[in-house]
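These notes are about the structure you will find just below.
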Amino acid sequence: MSKGARGSLLGIEHLDVKEITGLLQLARRMNPLKPHPLLKGKRVLLLFYEPSTRTRSSFEIAAKSMGAMTTLVLSSGSSIEKGESLLDTAYTLRAVGADVMVIRHPSAGAPLLMASHLDVPVINAGDGMHEHPSQALLDAYTILRHKKKLNGLQVAILGDIYHSRVARSAIHLLSKFGAHITLCGPPEFLPELATCLAPGLHITRTAEEAVRGVDVIMVLRVQKERLAGTKIRLQDYIARYQMTLARLKLAKRDAMVMHPGPIIRGLEITWEVADCPQSAIVEEVRNGVPVRMAILAKALGKAK
Amino acid sequence: MTSDKSKTGSLLIKGGNLIDPAAKIDAVMDLLLRDGHVAEVALPNKIRGGVDANFDARGLVVAPGFIDLHVHLREPGQSYKETIATGTAAAAAGGFTSVCCMPNTSPVVDSQEWVAWIQQPQRGAVVNVFPVAAATQASKGAVLTDFRGLQRAGAVAVSDDGKPILNETIMRETLRLAAEINLPVIQHAEDTRLTENCSMNESTTSFRLGLRGMTTAAEATVVDRDVQLAQQFTGARLHVAHLSTADALKAVRRGKRGKARVTCEITPHHFTLTDADIGEYNTYCKMNPPLRSAGDREALLVALADGTVDAIATDHAPHATHEKIIEFEKALFGIIGLETALGLAITRLHREHKIPLARIVELLTAGPARVVDLRGRGTLARGSYADVTIFDPKRRWTYEAAKSRSKSRNTPFDGWQLTGKVVATIVGGKIAHRAG
Ligand SMILES: [Zn+2]
């Protein structure tokens, strides 16, 4: 299978440091508040097979603030619901004139499948448990607004790593830049296999150990339905892994708390931590726009 | 099926290296076929008298016709994937003179009528087709089928392939009743309660790709239980289909040591590939059982060499493009395999792993013939059926999926350079395939 058209963003794993740095630098030059018709006349297709609030609106605003037209296609209420295959949908949307496709899909590898059959760039907006590259990029962007560099940074990632595309992309990205990453969660959410993602990953089952002395804490969403499928009781999970003020105190004084959203206050994170000055959760959402502007500009060859 | 009594005339296959493991022959011999049977096996130039045709087999291996215990011919009901005619044409091209077809068709082959239907001449089979019938009605795992009736109609074994018999009581009854009539029970060993939504082997590759992985235990626990059940009934015959894990091999070895009548088969893709070959979601590497780790593959190679394994079976599983070139998790399991089996066996087992040619021939002939009691097949002893496979063990060739005789193209081996090529496939004394 080919890797798709130039400008595609299918995952972080196969990008090199230079490509990532290029995107982050481009994002820094993007200003959503000062519209610039860089993508005037371009058609951005947003194809969402899963519900999404922040990723979808963020891509949409990013596209529009550069003068592009956007069309949103949702799996419900379209021919997808009638059983049309992903590739047939892709060919159809290409035929109506899409210049770039942004796809969110429950099946890992779906964006790659699409990209390898299309002549326009495909942007992965999250595929199953696989990757969520734009999230990892905006996380890196956010971290770099507070920390000088990623190299040598101590990062703790807590929660349901197994089911998380955000975690996979973040781990690939941060480790490429030399961050030291500790993963933390119960074995059901964090199998030993997770260390295969990148060299030098550490695993711990104790939240205190994970956050002690770190610069960045990334908390992942925990779905109650997924807990229900394990032997872990909700109360035990909260007791052992919830991000609390007491645990936050173990990290460096200027440690950042991040979360890809949507957050469930009272489960993986407390109210107090979500709203504390160290929390970058709202900033992450805000930074999603310039980062996705950069991704779209690069996809359409307008990255000057 | 070819009628056994037809007068096919005589054919003298001269000067080939005749490998017949059942008869313990591995020497240059001449082979005379007459009227659908082996008339004579003799040292070179000893066969006298006129013949209708000669075949110069110098430099080639002359073997009993290959037998594939596990193919999906997709009829009745799924002829868009394969038909008995196209599937057996692919079999002939791959050197197989007999194939056992699985009952997971639409409808499921669970009645004498369908077993008979498969064997009707109108189906256009060019090799012998031996149906495997469902063990339970519609393969639902609840009510057993009529084993005696199915056997009388021509079924050589029973199996709910693809839908393993998990219920212990049902499996015990299946083995007990099949034992009464000496019928093998073929189990696709997979605890499907542990593999829900899984599309590959649990491994670093599955974690990296974000795919749910099947554990090796999901296979091994079922094999282990079945072996124990088989030991409870005298005469019970358990055949483990497409075995793929080191742990399942341990259970088979335990059974064989304990004098249980347990046999097993291994596919060419499991001894050739590992789950890492899935790379970036290559659905042509999606099969069930899934490709496993390098460690499991190593264990399979050892078992193929040391005699633990009884047969190489392809699990030829044709699927249309729209069922394969889709999202990995949605793609159907399985690949076609009839035309690449010998090339992969010689390339991987013989050349790379030094398994003797005679052992490979055994795994393709006498071994599978024993598993399902195909009398007069799997050997070239005088009086046997004139099913012969002639191949060149040194010939290098490139497999081109686009030229497959199968209706489908779902193979990970497209473009592979292989060593070992079928030159002629003779079924009942008639040439069913001849390499160009
Ligand atoms: Zn099977």
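For the condition in the same structural domain as B:V422 (by TED's automatic domain parsing) and in a strand (DSSP E or B), B:A22 does not qualify.
Yes or no, residue by residue, for (1) within 21 Å of A:I171 (Cβ to Cβ); (2) part of a loop (DSSP other than H, G, I, E, B):
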site: A:I217; (1), (2): yes, no
site: A:E225; (1), (2): no, no
site: A:T230; (1), (2): no, yes
site: A:A251; (1), (2): yes, yes
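Looking only at segment B:269-291, decide whether some residue is within 16 Å of the ligand (Cβ to nearest atom), in a helix (DSSP H, G or I) and not acidic (D, E). Yes, some residue in segment B:269-291 is within 16 Å of the ligand (Cβ to nearest atom), in a helix (DSSP H, G or I) and not acidic (D, E). Within segment A:7-16, being over 15 Å from A:D139 (Cα atoms) and either within 13 Å of chain B (Cβ to nearest Cβ) or surrounded by 12 or more Cβ atoms within 10 Å (Cβ to Cβ) (or both) holds for A:G7, A:S8, A:L9, A:L10, A:E13, A:H14, A:L15.
Quick one: would you say B:T283 is within 14 Å of another protein chain (Cβ to nearest Cβ) and open to solvent by 20 Å² or more (accessible area, probe 1.4 Å)? Considered against the rule, which asks whether it is within 14 Å of another protein chain (Cβ to nearest Cβ) and open to solvent by 20 Å² or more (accessible area, probe 1.4 Å), B:T283 comes out as no.
Just so you know, in segment B:77-98 the residues that are of a type in the set (S, T, N, Q) and open to solvent by 10 Å² or more (accessible area, probe 1.4 Å) include one that is nearest to the ligand (Cβ to nearest atom), and it is B:Q78. Summed over segment A:71-111, residues that are within 23 Å of the chain's Cα centre (by Cα) and among the β-branched types (V, I, T) total 5. Taken over segment A:75-103, the criterion of being within 14 Å of chain B (Cβ to nearest Cβ) and at positive phi is satisfied by A:G83 alone. Within segment B:99-135, being part of a helix (DSSP H, G or I) and either open to solvent by less than 40 Å² (accessible area, probe 1.4 Å) or out of contact with any Pro (no Cβ under 8 Å at 6 or more places or on another chain) (or both) holds for B:Q112, B:E113, B:V115, B:A116, B:I118, B:P121, B:Q122, B:R123.
Scanning segment A:17-53 for residues that are within 14 Å of another protein chain (Cβ to nearest Cβ) and open to solvent by less than 20 Å² (accessible area, probe 1.4 Å) yields one hit, A:L47.
If we scan segment B:63-76, do we find a residue that is more than 16 Å from the ligand (Cβ to nearest atom), open to solvent by 30 Å² or more (accessible area, probe 1.4 Å) and part of a loop (DSSP other than H, G, I, E, B)? So that I can check it myself, show each step before the final result.
Residues of segment B:63-76 that are more than 16 Å from the ligand (Cβ to nearest atom), as a first pass: B:63-67, B:75-76.
So of that shortlist, the ones also open to solvent by 30 Å² or more (accessible area, probe 1.4 Å) come out as B:75.
After this cut, where a residue has to be part of a loop (DSSP other than H, G, I, E, B) as well, the list is B:75.
The answer is yes, given that some residue of segment B:63-76 is more than 16 Å from the ligand (Cβ to nearest atom), open to solvent by 30 Å² or more (accessible area, probe 1.4 Å) and part of a loop (DSSP other than H, G, I, E, B).
A single entry from B:A251, B:A218, B:A230, B:A241 fulfils the requirement of being within 23 Å of the chain's Cα centre (by Cα), in contact (Cβ under 8 Å) with a residue 60 or more places away in the chain and open to solvent by less than 10 Å² (accessible area, probe 1.4 Å): B:A241. The set of residues in segment A:104-134 that are away from every other protein chain (no Cβ under 11 Å), open to solvent by less than 10 Å² (accessible area, probe 1.4 Å) and over 18 Å from A:L39 (Cβ atoms) comprises A:N124, A:P133. Scan segment B:254-278 for residues that are modelled with pLDDT under 95 and open to solvent by less than 20 Å² (accessible area, probe 1.4 Å) and the total you get is 1. B:A311 meets the stated requirement of being within 16 Å of the ligand (Cβ to nearest atom), touching a Ser or Thr at 6+ places or on another chain (Cβ under 8 Å) and open to solvent by less than 10 Å² (accessible area, probe 1.4 Å). The listed residues are A:D88, A:D99, and the only one of them that is of a type outside the set (K, R) and open to solvent by 50 Å² or more (accessible area, probe 1.4 Å) turns out to be A:D88. For B:A57, the conditions (1) more than 16 Å from the ligand (Cβ to nearest atom); (2) in contact with a helix residue (DSSP H, G or I) (Cβ under 6 Å, 6 or more places away or on another chain); (3) open to solvent by less than 10 Å² (accessible area, probe 1.4 Å) are fulfilled apart from (2). Test each condition in (1) among the acidic types (D, E); (2) farther than 30 Å from B:R375 by Cα; (3) within 16 Å of the ligand (Cβ to nearest atom) for B:D226 and report the one that comes out false. Going through (1) among the acidic types (D, E); (2) farther than 30 Å from B:R375 by Cα; (3) within 16 Å of the ligand (Cβ to nearest atom) one by one, B:D226 breaks only (2).
In segment B:231-251, the qualifying residues are those that are within 16 Å of the ligand (Cβ to nearest atom) and among the hydrophobic types (A, V, I, L, M, F, W, C), and the one that is farthest from the other protein chains (Cβ to nearest Cβ) is B:L238.
Are any residues in segment B:143-163 part of a loop (DSSP other than H, G, I, E, B) and modelled with pLDDT of 95 or more, and if so, which ones? I'd like the intermediate steps shown before the answer.
Kept after step one, since they are part of a loop (DSSP other than H, G, I, E, B), are these residues of segment B:143-163: B:143, B:145-146, B:154-156, B:160-163.
Across segment B:143-163, the qualifying residues are B:V143, B:T145, B:D146, B:G154, B:A155, B:V156, B:D160.
With the checklist (1) within 16 Å of the ligand (Cβ to nearest atom); (2) over 20 Å from the mean Cα position of the chain (by Cα) in hand, flag the one item B:F328 doesn't pass. The single condition B:F328 does not satisfy is (1).
The values are calculated or read from the model by the stated rules, or taken from the named source; none is laboratory data. What you are looking at is a predicted structure, and each value in this text was computed from that prediction instead of being measured. Cβ: placed from backbone, ideal geometry, glycine included. Neighbour counts: every protein chain shown. Ligands, DNA and RNA are excluded from the accessible area calculation, which covers all protein heavy atoms including side chains. Shrake-Rupley method; radii C 1.70, N 1.55, O 1.52, S 1.80 Å.
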